[in-house]
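*Asks:* To start, I am sharing the structure in question, which I have written as structure tokens.
The values are calculated or read from the model by the stated rules, or taken from the named source; none is laboratory data. Note that the structure is a prediction, hence the values are computed from the model and not measured. Backbone-built Cβ (ideal geometry, glycine too); neighbour counts: all protein chains shown.
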Amino acid sequence: MITILKKEFRSFLSLLIAYVVMIVFLLITGLVAWVFSDTSILEGGYANMDIMFNTAPWIFIFLVSAITMRSFSEEKKVGTLETITTKPISDMSIILGKYFACLLLVLITLLPTLIYYYSVSQLANPIGNVDTGAVIGSYIGLVFLAAIYVAIGIFSSSLTDNQIVAFILSMFLCFFFYSAFDMLKNIDLLKGSQFGIDWFGIGYHYSNISFGRVDTRDIVYFISMICLFIFSTKAVFSSRKW
Amino acid sequence: MSILVQNLSKLYGNQKAIDSINFEIEKGQVVGFLGPNGAGKSTTMKILTCFIPQTSGKAFVNGLDIEENSIEVRRQLGYLPEHNPLYLDMYVKEYLSFIADVFKVKQKKKRIAECIEITGLTLEHRKKIGQLSKGYRQRVGLAQALIHDPSVLILDEPTSGLDPNQVVEIRQLIKNLGKEKTVLLSTHQLTEVEAICDRAIIINHGGIVADKPTLELKSGLDKQTTIDVVFGNSISRALLEKLPGIQSVSGQGIEFTLTAEINSKIQEALFSLAVKENNNILSMNQRQTSLEEVFKTLTTDDNHS
């Protein structure tokens with residue numbers, strides 16, 4: 001697994017994917033959080049980072065899809081899947097290797113945003129008067145969210161040998177699980193059910209955890225979603241043997 | 001026994017790709033797997049390398065069941081897939097190092113250097129695989145199959161698409177490898193089998209139509225021998241037709257092509273005829289029945305029962 005992870009991560013670096021993803025992500029969040037007057041933290045007057053945590057899931061929808069789209073599609077197309085699957089390595093190791101390589105890239109992309117936290121806390125009045133709990137919660141939420149997106153992306157990529165199809169499918173699924181359930185909630189037919197249908201969406205749990213309330217139910221939800229898509233990938237990947 | 005295949009079948013939908021084939025390959029043999037396109041060569045190899053499962057039957061590599069001990073089988077095999085898929089954006093050494101890691105090769109650097117040398121990649125090993133010519137990519141494919149020093153090599157069309165010089169070099173390489181390893185290679189080129197294989201398995205429509213040592217395969221079908229002869233002075237055709245065992249004569253003047261029954265000692269008869277007629281023979285050449293002919297006979301539908 002580590003071997004595959006290393007190889008995948010190296011290819012992100014050598015194909016410049018890693019740099020492009022990081023630059024795009026930091027540029028967008030940076031502009032939104034500090035420069036654009038409509039949304040800027042400076043203009044807003046509150047010492048919080050909500051704007052970044054609200055924007056990031058949307059940026060991730062396409063960035064994560066872009067990172068993961070080639071993971072299996074390309075190997076299928078070029079035929080290298082045959083090289084790798086005839087080596088003494090289990091299917092699960094290949095999938096997890098690719099999964100963690102993509103996740104690692106996303107996490108590294110997130111790292112520089114810690115500077116935002118430092119800046120906000122320095123700007124706060126009095127200095128350091130920030131709701132640190134909420135920020136930590138939001139980061140945990142964002143990491144889980146990215147982890148689900150990556151699982152969805154890898155799954156989409158395993159379905160097709162066409163990267164564009166994988167990309168679009170992954171964006172759709174990420175969007176669907178992030179916010180579609182929130183929107184479905186408002187359909188009259190589904191109103192009034194005891195457990196809101198929005199419970200199924202990532203957005204519901206993400207906003208829960210963003211308040212700094214790390215609830216086991218949310219964690220269980222996140223982990224189940226990750227497992228669901230990893231095992232679906234495994235099923236698709238092994239289906240060549242059916 | 002390096003490879004043992006028992007009643008192996010593979011169905012794609014309703015189409016039978018291979019139909020209960022049986023063969024075994026002894027340790028250290030170089031075996032050529034021959035057949036027209038779509039005969040089932042690649043399918044058999046893909047099953048043996050655990051890429052796809054068989055529909056029924058059993059196969060063993062070094063005594064290990066390919067279904068039950070899949071990982072262990074893969075550890076002992078070196079496989080060069082058809083079309084030689086490679087990660088084109090990786091450097092040659094980087095790629096070999098990755099494959100070596102997958103196999104957990106000990107003394108990795110040394111082994112990579114060895115493989116680069118054996119496969120003749122020394123001049124190109126700093127390049128990206130995508131920049132290499134087809135011949136060199138094929139060598140990279142071979143190098144990755146060899147990196148863990150496997151006892152069994154399975155090579156799917158190792159020389160297809162290479163220029164004649166490269167073909168000769170790759171063949172020589174496989175021949176050298178065959179001295180200590182079991183090699184199963186597939187090809188459409190019969191000359192290849194003649195050049196490097198101890199034994200040929202000819203497969204057609206998913207079934208084995210011949211499985212013989214290369215030498216026997218050629219002689220087995222010889223019922224007649226063909227001789228090209230050039231005399232010093234012209235000689236009458238009628239005289240030649242009277243020779244014992246002769247079946248047909250073509251040509252005139254000094255050049256003739258004769259066919260005769262095998263074992264009819266036609267060469268000796270020709271010499272004594274020339275002496276008797278005060279003539280002489282400038283050249284005489286017995287044609288070998290090529291494997292091409294054998295192959296054609298065995299794999300055309302008329303002869304397929």
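*Asks:* Would you mind stating whether B:Leu34 is in contact with a strand residue (DSSP E or B) (Cβ under 7 Å, 6 or more places away or on another chain) and within 14 Å of chain A (Cβ to nearest Cβ)? Break it down into steps so the answer makes sense when it comes.
*Replies:* Details: in contact with a strand residue (DSSP E or B) (Cβ under 7 Å, 6 or more places away or on another chain): yes; within 14 Å of chain A (Cβ to nearest Cβ): no.
Here the answer is no, as B:Leu34 does not meet what is asked.
*Asks:* Residue check, B:Val152 against (1) farther than 25 Å from A:Lys77 by Cα; (2) within 14 Å of chain A (Cβ to nearest Cβ); (3) surrounded by fewer than 20 Cβ atoms within 10 Å (Cβ to Cβ), all met but one. Which one?
*Replies:* Only one criterion is unmet by B:Val152, namely (3).
*Asks:* Only one residue in B:Glu114, B:Glu68, B:Glu94 is under 27 Å from the mean Cα position of the chain (by Cα), among the charged types (D, E, K, R) and surrounded by fewer than 23 Cβ atoms within 10 Å (Cβ to Cβ). Which one?
*Replies:* Values: B:Glu68 fails: under 27 Å from the mean Cα position of the chain (by Cα); B:Glu94 fails: under 27 Å from the mean Cα position of the chain (by Cα).
Unique residue meeting the criteria: B:Glu114.
*Asks:* Quickly run through the range A:52-87 and pick out the residues that are more than 19 Å from A:Phe167 (Cβ to Cβ) and assigned to a loop (DSSP other than H, G, I, E, B).
*Replies:* A:Gly79, A:Thr86, A:Lys87
*Asks:* If the requirement is being closer than 23 Å to B:Val209 by Cα, polar (S, T, N, Q) and either without any contact (Cβ under 8 Å) to a residue 12 or more places away in the chain or in the same structural domain as B:Ser9 (by TED's automatic domain parsing) (or both), which of these qualifies: B:Asn37, B:Asn69?
*Replies:* Of the residues listed, the single one that is closer than 23 Å to B:Val209 by Cα, polar (S, T, N, Q) and either without any contact (Cβ under 8 Å) to a residue 12 or more places away in the chain or in the same structural domain as B:Ser9 (by TED's automatic domain parsing) (or both) is B:Asn37.
*Asks:* Please tell me if A:Ile41 is surrounded by 16 or more Cβ atoms within 10 Å (Cβ to Cβ), within 14 Å of another protein chain (Cβ to nearest Cβ) and not aromatic (Phe, Trp, Tyr). Don't jump to the end; show me each part of the working.
*Replies:* Details: surrounded by 16 or more Cβ atoms within 10 Å (Cβ to Cβ): yes; within 14 Å of another protein chain (Cβ to nearest Cβ): no; not aromatic (Phe, Trp, Tyr): yes.
So A:Ile41 does not fit the description; no.
*Asks:* Hey, can you tell me all the residues within the range B:80-113 that are more than 24 Å from B:Thr182 (Cβ to Cβ) and among the β-branched types (Val, Ile, Thr)?
*Replies:* Within the range B:80-113, just B:Val92 meets the criteria.
*Asks:* In addition: How many of the residues in the range B:171-186 are under 12 Å from the mean Cα position of the chain (by Cα) and more than 17 Å from B:Ile3 (Cβ to Cβ)?
*Replies:* Summing the residues that are under 12 Å from the mean Cα position of the chain (by Cα) and more than 17 Å from B:Ile3 (Cβ to Cβ) in the range B:171-186 gives 2.
*Asks:* Which condition does B:Thr225 not pass, out of (1) at pLDDT 80 or above; (2) closer than 30 Å to B:Cys197 by Cα; (3) surrounded by 13 or more Cβ atoms within 10 Å (Cβ to Cβ), if it passes all the others?
*Replies:* (1)
*Asks:* Against the definition (of a type in the set (A, V, I, L, M, F, W, C) and surrounded by 16 or more Cβ atoms within 10 Å (Cβ to Cβ)), how does A:Leu114 come out, yes or no? If you could, list the steps in order and put the result at the bottom.
*Replies:* On the way: of a type in the set (A, V, I, L, M, F, W, C): yes; surrounded by 16 or more Cβ atoms within 10 Å (Cβ to Cβ): no.
Taking the combined requirement at face value, the residue does not satisfy it.
*Asks:* Going through the range A:137-177 one residue at a time, which ones are β-branched (Val, Ile, Thr) and surrounded by fewer than 21 Cβ atoms within 10 Å (Cβ to Cβ)?
*Replies:* A:Ile140, A:Val143, A:Thr160, A:Ile164, A:Val165, A:Ile168
*Asks:* Filter the range B:86-111 for residues that are within 13 Å of another protein chain (Cβ to nearest Cβ) and at positive phi and give the result.
*Replies:* B:Lys104
*Asks:* For B:Arg137, only one of the following conditions fails: (1) crowded, with 20+ Cβ neighbours inside 10 Å; (2) more than 23 Å from the chain's Cα centre (by Cα); (3) over 30 Å from B:Met1 (Cβ atoms); (4) within 14 Å of another protein chain (Cβ to nearest Cβ). What is its number?
*Replies:* So B:Arg137 meets the others, but not (2).
*Asks:* Kindly provide the set of residues from the range B:36-50 that are at positive phi and of a type in the set (Gly, Ala, Ser), ordered by number.
*Replies:* Answer for the range B:36-50, where residues must be at positive phi and of a type in the set (Gly, Ala, Ser): B:Gly38, B:Gly40.
*Asks:* Which is of a type outside the set (Ser, Thr, Tyr) and away from every other protein chain (no Cβ under 14 Å), of B:Gly78, B:Gly63?
*Replies:* Working: B:Gly78 fails: away from every other protein chain (no Cβ under 14 Å).
Just one listed residue meets the conditions, B:Gly63.
*Asks:* Of B:Lys27, B:Lys16, B:Lys58, which residue is under 24 Å from B:Lys181 (Cβ atoms) and either within 14 Å of chain A (Cβ to nearest Cβ) or in contact with a Ser or Thr (Cβ under 9 Å, 6 or more places away or on another chain) (or both)?
*Replies:* B:Lys27
*Asks:* What single numbered condition from (1) touching a residue at least 40 places away in the same chain (Cβ under 8 Å); (2) more than 19 Å from the chain's Cα centre (by Cα) fails to hold for B:Ala145?
*Replies:* (2)
*Asks:* Let me ask another. So, in the range A:71-85, of the ones that are crowded, with 22+ Cβ neighbours inside 10 Å and within 24 Å of the chain's Cα centre (by Cα), which residue ends up nearest to the other protein chains (Cβ to nearest Cβ)?
*Replies:* Only one residue tops the list, namely A:Glu75.
*Asks:* While we're on this one: If we keep just the residues of the range A:8-38 that are buried (at least 18 other Cβ atoms within 10 Å of the Cβ) and free of Cβ contacts under 8 Å to residues at least 24 places away in the same chain, which is nearest to the other protein chains (Cβ to nearest Cβ)?
*Replies:* A:Ser11
*Asks:* To continue, here is another question. Would you confirm whether or not the range A:93-104 contains a residue that is assigned to a helix (DSSP H, G or I), without any contact (Cβ under 8 Å) to a residue 60 or more places away in the chain and more than 14 Å from chain B (Cβ to nearest Cβ)?
*Replies:* Yes, the range A:93-104 contains at least one residue that is assigned to a helix (DSSP H, G or I), without any contact (Cβ under 8 Å) to a residue 60 or more places away in the chain and more than 14 Å from chain B (Cβ to nearest Cβ).
*Asks:* Here is a follow-up. Can you name every residue in the range B:37-55 that is within 12 Å of another protein chain (Cβ to nearest Cβ), polar (S, T, N, Q) and over 12 Å from B:Leu184 (Cα atoms)? Steps first, answer last, please.
*Replies:* Taking the range B:37-55 and keeping what is within 12 Å of another protein chain (Cβ to nearest Cβ), we get B:42, B:45-55.
With the extra rule that they be polar (S, T, N, Q), the set shrinks to B:42, B:49, B:54-55.
Hits for the range B:37-55 are B:Gln54, B:Thr55.
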